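Student: Please find one structure pasted underneath; my questions will follow.
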Amino acid sequence: MSNIDSNLRELYQEVIFDHNRQPRNFHALPEADHHADGHNPLCGDQLTVYLRIAGDKVVDASFVGHGCAISTASASLMTEAIKGKPVAEVEALFRAFHTMLTDANAAENEAQPELGKLAVFAGVREFPARVKCATLAWHTLHNAIIGAQAPARTE
Ligand code: ZN
């Protein structure tokens with residue numbers, strides 16, 4: 001591993017650590033018009049995602065729950081990333097994030113500007129069990145958007 005790689009890795013770990021310790025948008029949203037529950041039985045991560053959608057835009061997003069550092073940091077960074085974005089863009093972001101984490105040939109996705117800070121989870125791809133921790137919030141978000149009745153599960 002080069003120095004640049006290990007510096008980047010350290011920076012990524014710092015961002016995840018920071019968002020786990022101080023999750024952003026970590027509260028219920030009384031004015032939410034969409035919400036969904038998500039559960040990752042493999043790790044025990046459990047969360048609820050709240051959205052307020054006006055027109056075609058996600059105008060507010062928040063989450064509550066408990067789980068490992070990766071799932072909490074992922075939900076925190078997700079709510080930051082999607083606020084103010086059109087629903088279509090949010091769904092595209094979900095697909096890009098999922099591809100980054102599951103497609104071994106998707107290294108170029110890490111450089112995609114649309115992912116922005118979400119690229120900090122690129123390294124999780126090397127740990128298949130943790131991929132579910134990182135994607136739980138996004139699966140739950142997707143269910144909230146489409147109004148699915150069943151809780152999102154990673155299994
Ligand atoms: Zn987890």
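The values are calculated or read from the model by the stated rules, or taken from the named source; none is laboratory data. A quick note: this is a predicted structure, and the numbers were derived from the prediction, not measured. Positions of Cβ are generated from backbone atoms using ideal geometry, with glycine treated the same way; all protein chains shown enter the neighbour counts. With ligands, DNA and RNA removed, areas are computed over all heavy atoms of the protein, side chains included. Shrake-Rupley method; radii C 1.70, N 1.55, O 1.52, S 1.80 Å.
Student: Which of the peptides 136-143, 36-43 is most tightly packed, and how do the rest follow, going by the mean number of other Cβ atoms within 10 Å of each residue? Walk me through the intermediate numbers first.
Tutor: On the way: 136-143: 25.9, 36-43: 19.5.
So the order, starting with the most tightly packed, is 136-143, 36-43.
Student: Next question. Hey, with R₀ at 30 Å, roughly what FRET efficiency would Glu126 and Asp37 work out to, going by the Cβ-Cβ distance, to 0.05?
Tutor: In this case the efficiency is close to 0.60.
Student: Mind checking the angle between helix 87-102 and the chain's longest principal axis? C-alpha axes, 0 to 90 degrees, to the nearest 10.
Tutor: Here the helix axis deviates by roughly 40 degrees.
Student: Further question: In sequence order, what are the phi-derived ³J(HN,Hα) couplings for region 132-147 according to the Karplus relation 6.51 cos²θ - 1.76 cosθ + 1.60 with θ = phi - 60°, rounded to whole Hz, with x for glycine and proline?
Tutor: Calculated HN-Hα couplings, in order: 5, 5, 6, 9, 3, 4, 6, 4, 5, 4, 4, 5, 4, 5, 7, x Hz.
Student: Can you tell which of Pro41, Ile70, Leu101 lies farthest toward the positive end of the dipole of region 1-153, using +1 and -1 charges on the Cβ of basic and acidic side chains (Lys, Arg; Asp, Glu)?
Tutor: Farthest towards the positive end: Pro41.
Student: Next question. How much net charge surrounds Arg95 when only other residues with a Cβ under 12 Å from its Cβ are counted (Lys, Arg +1; Asp, Glu -1)? Write down the numbers at each step before the final one.
Tutor: Details: positive: none; negative: Glu89, Glu91, Asp103, Glu114.
In short, -4.
Student: Still on this structure, please answer the following. Over region 3-153, average the accessible area per residue using a 1.4 Å probe and give it in Å², no decimals.
Tutor: Spelled out: the 1.4 Å probe surface of region 3-153, per residue, equals 49 Å².
Student: Taking amide hydrogens as modeled 1.01 Å from N in the peptide plane, which residues meet the under 5 Å criterion relative to Ala36, leaving out close sequence neighbours?
Tutor: Those lying under 5 Å, H to H, from Ala36 are Val49.
Student: With +1 assigned to the C-beta of every Lys and Arg and -1 to the C-beta of every Asp and Glu, and no other charges, what is the dipole magnitude of the chain about the Cα centre in debye, to the nearest 20?
Tutor: Numbers: 13 positive and 19 negative charges, 44 e Å.
It works out to roughly 200 debye.
Student: What is the gain in length, in nm to one decimal, between Thr99 and Lys117 on full extension, counting 0.36 nm per residue of separation less the C-alpha to C-alpha distance?
Tutor: Contour length minus Cα-Cα distance gives 4.9 nm.
Student: Quote the Stokes-Einstein diffusion coefficient, in whole µm² s⁻¹, for region 3-153, based on the Kirkwood radius over alpha carbon pairs, a temperature of 20 °C and a viscosity of 1.002 mPa s.
Tutor: It diffuses with D of about 141 µm²/s by this estimate.
Student: Still on this structure: At 1.4 Å probe size, with no ligands or nucleic acids counted, give the accessible surface of Arg9 in Å², nearest ten.
Tutor: 90 Å²
Student: Return a whole-number percent for the relative contact order of the chain, with Cα pairs under 8 Å and 6 or more residues apart as the contact set.
Tutor: 29 percent
Student: Using alpha carbons only, how many degrees (0 to 90, rounded to 10) separate the axis of helix 3-21 from the longest principal axis of the chain?
Tutor: Helix 3-21 sits at roughly 30 degrees to that axis.
Student: If you don't mind, another one. Lys85 accessible area, nearest 10 Å², 1.4 Å probe?
Tutor: 60 Å²
Student: What value, in deg cm²/dmol to 500, does the helix sum -39500 (n - 2.57) over DSSP H runs of n ≥ 4 give at 222 nm once divided by the residues of the chain?
Tutor: -14500 deg cm²/dmol
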